Amino acid sequence: MIARMPTDLTIRPDLVAAQAEAWRHVTSPGGSWTGFERAAMAELALAALDDADPIAPWESATTSGRTTAAAAAAALPPAVVDAVYRIARHAATLSEGWYQKQLELGIDAIAYVEMVGVVVVIAAVDGFFRAAGLDRPPLPAPTPGEPHGRHPQVESATLNWVPVAAPADQKAAVVQGLSAAPAEWATVALLSGAQYIPVDEMGELAWNRGTLSRPEMERVAARLSLARECFY
Amino acid sequence: MMLRASTASQLQHPDPDSTSDDVVGRRSPNLEDFVGAVVGTDAAAAEAARADLVDQFGTEWLVDASAVIANFEMMTRLADATGACLRPEQLVASASMRDELGLDAFPSART
């Protein structure tokens with residue numbers, strides 16, 4: 001999956017490996033969703049990110065008649081299709097009331113967390129290729145199989161809307177947010193180590209790869225977070 | 001910074017903008033402009049920003065800056081979709097900065 005530009009741009013092997021593992025992961029069975037369902041979420045998220053004229057946050061992707069990944073949308077309940085689009089394209093507009101409505105619409109809380117894990121990994125890999133001006137690699141074919149159904153003991157948190165692995169609120173909100181779906185967090189951590197900083201180096205403010213210094217990484221992070229209007 | 005996950009460690013340092021010895025005084029690209037261009041909607045501006053970064057600093061910079069962008073395309077959505085909130089002490093510590101930057105006006109503000 002090494003992509004090259006005319007300028008002979010080569011992607012670091014650790015980043016290529018992490019992205020390839022992430023692509024394999026999102027199209028494989030998870031704890032609550034089959035590989036086909038997760039691949040459909042991934043296709044929908046990519047379609048949302050590619051949408052040149054995005055559907056407004058308050059509109060439904062399913063009833064708009066503009067869903068570009070029709071086959072993927074047909075594989076999932078309408079509430080999931082709408083949620084995937086909203087998270088991929090308008091994450092800053094989400095509220096606790098919106099999250100509670102997703103549960104009322106029938107999305108299981110732990111399945112919701114897994115769905116978030118799929119969408120954020122898609123946003124990462126897509127985001128790299130989009131920023132670098134490279135063609136995004138295609139998703140692999142879904143891996144057949146049923147969800148394994150194994151989940152950690154979870155409890156309510158004060159730092160997140162979603163349930164988290166017990167004990168709650170011992171870690172930062174962004175770290176415990178996917179803990180109800182540990183394989184999703186593991187993939188995020190793998191990507192983060194290749195894209196940004198290995199988790200165990202987070203406290204090392206002089207850490208760098210030889211190009212961007214840590215403060216320069218933080219400038220990129222802050223500017224991107226501003227563009228996405230992310231308060232956290 | 002994994003968003004605010006590393007805030008605690010940063011607060012232990014009086015100058016979070018300090019740089020390590022190997023990068024002090026070196027020439028540095030305008031990364032804010034690069035990010036703004038490549039996540040914006042103007043394809044020509046994005047391509048020009050990439051070309052400028054590569055011409056001045058090399059292809060490794062394009063890869064590594066794009067990788068950090070990718071990380072925060074991931075982490076911002078993770079935070080917002082899981083309803084990540086700051087701890088009370090983080091809210092207190094960040095109050096003046098939030099006020100100065102207008103962060104409390106973000107739709108994603110959960111204070």
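The mean number of partner chain beta-carbon atoms within 10 angstrom of a residue's beta-carbon across peptide A:79-90 is 1.
Taken as entire DSSP H runs, the helices of chain A that both span 15 Å or more between Cα atoms along their own long axis and average 1.0 or more on the Kyte-Doolittle scale are A:109-132.
Neighbouring Cβ atoms from other chains, within 10 Å of the Cβ of residues in A:182-192, number 2 on average.
Highest-first packing order for the peptide set A:198-207, A:183-192 is A:183-192, A:198-207, based on the mean count of other beta carbon atoms within 10 Å. Site pair A:V199 and A:A222 shows an inter-label distance of 2.7 nm when each label is modelled 7 Å from Cα along Cα→Cβ.
Laboratory data are not the source of any read-out in this text; all were calculated from the coordinates shown. None of the values given here were measured: they were computed from a predicted structure. Don't worry about glycine lacking a Cβ; one is built from the backbone with ideal geometry, like all the others, and counts go over all protein chains shown.
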